[in-house]
Amino acid sequence: AGYEKDNYVKLDAFDKSWRGASPATSLTFKAVPEVAARISGLVAGDYDMAVEIPTDQWDTVRSYADLVLKTIPIENSHVVVFNMSDPLLADKNLRHAMSLAIDRKALIDALWKGQTFTPNGLQLPSFGELYDKERPGYAFDPEAARAALAKRGYKGEEISYRLIPNYYTYNVEVAQILKEMWRAVGIKTRIDFVDSFKEV
């Protein structure tokens, strides 16, 4: 076993586990921020597996006969969190307008080649009996978004959208697309990159 911050975690098997002996003697999780380094490590045999390979690199991975590309949506929802202490965002009509202006299918098709989905709320089928399959999903309705803005009396005030760049795959690209989707209904936003969650 071993650990080095921002580098790796190595786990050794405990063969006396109640589940029985492990199929591997050890497992190492290594932080490799650069996509090119993850792919070259796979090609060289330094890594057995790599995750968060962007869609624009899928064909590169597929071009190697000894590599297998598997697209598996992870159960991780990317969400926009509103700063409720901001008087502008404290109004539910503006928040609702921002949600209605997002074409989530277009985002998925453009960035993830249609290989994932938008859950119907902050819930997933893996919740089992707690999953509500009848719960309505998120709507994309630009006209309703404009109506909500009119109800709010929105005057084009600029909204800061703060994010840590590259924290999630394509989060910068998503922010840029959202900015344009919001602009299309009349909402003015500014993308501000920050270094930590304390600044978000």
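The values are calculated or read from the model by the stated rules, or taken from the named source; none is laboratory data. All figures in this text were calculated on a predicted structure; none of them were measured in a lab. Here the Cβ positions follow ideal geometry from the backbone for every residue, glycine too, while neighbour counts run over all protein chains shown. All accessible areas refer to the heavy atoms of the entire protein, side chains included, with ligands and DNA or RNA removed. Shrake-Rupley method; radii C 1.70, N 1.55, O 1.52, S 1.80 Å.
Screening segment 185-200 for residues that are in a loop (DSSP other than H, G, I, E, B) and among the charged types (D, E, K, R) and picking the one that is modelled with the highest pLDDT gives 188.
Being touching a residue at least 60 places away in the same chain (Cβ under 8 Å) and open to solvent by less than 40 Å² (accessible area, probe 1.4 Å) is the filter; apply it to segment 107-128 and report the residue that is nearest to residue 55 (Cα to Cα). Once the filter is applied, the top-ranked residue is 111. Residue pairs whose Cβ atoms lie under 6 Å apart, sitting 6 or more positions apart in sequence or on different chains, and linking a residue in segment 146-169 that is without any contact (Cβ under 8 Å) to a residue 60 or more places away in the chain to a partner that is among the small types (Gly, Ala, Ser) and part of a helix (DSSP H, G or I), are 148/97; 149/97; 163/175.
The set of residues in segment 168-189 being surrounded by fewer than 15 Cβ atoms within 10 Å (Cβ to Cβ) and closer than 17 Å to residue 97 by Cβ consists of 180, 183, 184, 188. Test residue 132 against the stated conditions and say whether it is assigned to a loop (DSSP other than H, G, I, E, B), open to solvent by less than 100 Å² (accessible area, probe 1.4 Å) and not basic (Lys, Arg). Here the answer is yes, as residue 132 does meet what is asked. Whether a residue is over 21 Å from residue 100 (Cβ atoms) and not in a helix (DSSP H, G or I) was assessed, and residue 165 passes this test. Determine which member of the set 104, 152 is closer than 30 Å to residue 56 by Cβ and not hydrophobic (A, V, I, L, M, F, W, C). After applying the criteria, what remains is 104.
Which residues, counting only those in segment 1-42, are of a type in the set (Asp, Glu) and either within 25 Å of residue 58 (Cα to Cα) or open to solvent by less than 60 Å² (accessible area, probe 1.4 Å) (or both)? Across segment 1-42, the qualifying residue is only 34.
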